[in-house]
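Participant: Before anything else, here's the structure in question.
The values are calculated or read from the model by the stated rules, or taken from the named source; none is laboratory data. Since the model is a prediction, treat every value here as computed from it, not as a measurement. Here the Cβ is made from the backbone with ideal geometry for all residues, glycine too, and neighbour counts use every protein chain on show. The area values use the complete protein model at the heavy-atom level, side chains included, leaving out ligands, DNA and RNA. Shrake-Rupley method; radii C 1.70, N 1.55, O 1.52, S 1.80 Å.
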Amino acid sequence: MIEIGEDGVARCPWAGGPGPMRDYHDTEWGVPIHGEAAYLERMTLEAFQSGLSWAIILRKRPGFRAAFAGFDAEAIAAYDDADVARLMDDPGIVRNRRKIEAAITNARATLDLREHSGLEELVLGFVPEEPPAPATASEWLTSSPESVALAKALKRSGFAFVGPTTMYALMQAVGLFDPHLTGCFRRTTGGPVSAP
């Protein structure tokens, strides 16, 4: 169900009141991104969010950007055990060894993809032919045939922590389709959302 904010604007219910969650909903969620670092950042953040609130990830986003070298794949791919230990002591990020190690693995896999299509092109190959058009939050999916296929393709390419649910969240976040509810002011015709 759509929520009408104190500003009179209809939004997806998770957008909440004024603050980072609403700002993310209004300006970023579902908006197409470009470039390897942008895709690697979103993939990394979605993996770290698994089992946690997105509000935590947004609050720690500057810390993630600093800890992971602005999501420069070459820099992250060079991280070693000492870097993992350093990151496990970094209060600016979510300190989960498996997720930290997955971020490094995924940076290395991203470099390997440069010889082929690249990370961005690989992800964009899974745009759904029939984008969802949920009217209520209960109609939001947590995975799709496309997210299952994307997860499999990434795993074949050496990526970790890229399950179908996490990849569906990535697809929503990076605008492979319009994830907003049909009554939300950000909803378009079902394709990518443009910047406001």
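Participant: Using Cα atoms only, what is the angle between the long axis of helix 54-67 and the major principal axis of the chain, expressed in degrees (0 to 90) to the nearest 10?
Facilitator: 30
Participant: Moving on to the next point. Give me the percent of the accessible area of the range 78-196 that comes from carbon and sulfur atoms, probe 1.4 Å, all protein chains in place.
Facilitator: Ligands and nucleic acids excluded, carbon and sulfur give 52 percent.
Participant: Which one, ALA133, GLY19, ILE76, projects farthest toward the positive side of the charge dipole computed for the range 1-142 from Cβ point charges (K/R +1, D/E -1)?
Facilitator: Checked the options; the winner is GLY19.
Participant: Would you mind working out the magnitude of the charge dipole of the chain relative to its Cα centre, with +1 at each Lys and Arg C-beta and -1 at each Asp and Glu C-beta, to the nearest 20 Debye? Don't skip to the end; give the middle numbers.
Facilitator: Numbers: 19 positive and 26 negative charges, 92 e Å.
Value, rounded to 20: 440 debye.
Participant: Determine the sum of side-chain charges near PHE126: Lys and Arg each +1, Asp and Glu each -1, restricted to other residues whose C-beta is under 11 angstrom from that of PHE126. Don't skip to the end; give the middle numbers.
Facilitator: Numbers: positive: LYS152; negative: GLU121, GLU129, GLU146.
Residues close to PHE126 contribute a combined charge of -2.
Participant: Now for a different question. Find the accessible area per residue for the range 17-115; the probe is 1.4 Å, ligands and nucleic acids are left out, and the unit is Å².
Facilitator: Ligands and nucleic acids excluded, the figure is 45 Å² per residue.
Participant: Then there is this: Calculated from the structure, Rg and Dmax of the Cα atoms in Å equals which of (1) 15.8, 44; (2) 19.3, 60; (3) 16.8, 51?
Facilitator: The calculated read-out lines up with (3).
Participant: Mind checking the full-extension length gain between GLU74 and MET1? Use 0.36 nm per residue of separation minus the Cα-Cα distance, one decimal, nm.
Facilitator: Gain on stretching GLU74 to MET1: 22.0 nm.
Participant: Based on a Kirkwood Rh over C-alpha pairs, give the Stokes-Einstein translational diffusion coefficient of the range 95-196 at 25 °C and viscosity 0.890 mPa s in µm²/s.
Facilitator: Answer, rounded: 168 µm²/s.
Participant: Also: Sketch the reach of a paramagnetic label on ASP89 as a point 7 Å from Cα along Cα-to-Cβ, and name the residues of the range 39-78 whose backbone nitrogen lies under 19 Å away.
Facilitator: Only 63-64, 66-69 fall inside the zone, counting backbone N under 19 Å.
Participant: Based on the mean of other Cβ atoms within 10 Å per residue, sort peptides 83-96, 147-160, 167-180 so the most packed one is first.
Facilitator: 167-180, 147-160, 83-96
Participant: Give me the dipole magnitude in Debye, nearest 20, for the range 38-106 about the Cα centre, with unit charges on the beta carbon: positive for Lys and Arg, negative for Asp and Glu.
Facilitator: Using Cβ point charges on Lys, Arg, Asp and Glu, the range 38-106 gives about 420 debye.
Participant: A follow-up question, please. Report the FRET efficiency, 1/(1 + (r/R0)^6), for GLU129 and LEU52, where r is their Cβ-Cβ distance and R0 is 45 Å, rounded to 0.05.
Facilitator: Given R0 = 45 Å and the Cβ-Cβ separation, E is 0.90.
Participant: Turning to a different aspect of this structure: Charges at C-beta only: +1 for Lys and Arg, -1 for Asp and Glu. How large is the resulting dipole of the range 103-171 about its Cα centre, in Debye rounded to 20?
Facilitator: It comes to approximately 360 debye.
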